[in-house]
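Shown next, in structure tokens, is the structure this report addresses.
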Amino acid sequence: MIAEAERFNRNHPDLCPCLKWKSQFYQSEHDPTVPPSNDGLFWCVFTQNCIGPDGQLAEPGMCASTGRACYGGKEQ
């Protein structure tokens, strides 16, 4: 089983460019008094939901494999 830190690592060098998440679209300073913004919600640009075109989860741990059939839109 994949560790949570690796599963949600958005800084992986091979992260698929088709994977998106909320905080990609805004910048703000970290404020410890503000609750997290559900940044663990990811989606694929092709399916617009949490399942990629290959039927697997769209999240960093799964979308950081260049061998995945849909990586970078290869399956499109």
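Conditions (1) surrounded by 10 or more Cβ atoms within 10 Å (Cβ to Cβ); (2) among the hydrophobic types (A, V, I, L, M, F, W, C); (3) over 10 Å from the mean Cα position of the chain (by Cα); (4) modelled with pLDDT under 95, marked per residue:
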position: I2; (1), (2), (3), (4): yes, yes, yes, yes
position: W21; (1), (2), (3), (4): yes, yes, no, yes
position: Y26; (1), (2), (3), (4): no, no, yes, yes
position: F42; (1), (2), (3), (4): yes, yes, no, yes
position: M62; (1), (2), (3), (4): yes, yes, no, yes
position: A69; (1), (2), (3), (4): yes, yes, yes, yes
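Have a look at N9, N49 and point out the one that is touching a residue at least 24 places away in the same chain (Cβ under 8 Å) and surrounded by fewer than 17 Cβ atoms within 10 Å (Cβ to Cβ).
It is N9.
Please determine whether any residue of the range 6-14 is modelled with pLDDT under 75 and either closer than 23 Å to R68 by Cα or polar (S, T, N, Q) (or both).
no
The values are calculated or read from the model by the stated rules, or taken from the named source; none is laboratory data. Because the structure is predicted, anything quoted here is derived from the model rather than measured. With ideal geometry, Cβ positions are generated from the backbone for all residues, glycine too; neighbour counts draw on all protein chains shown.
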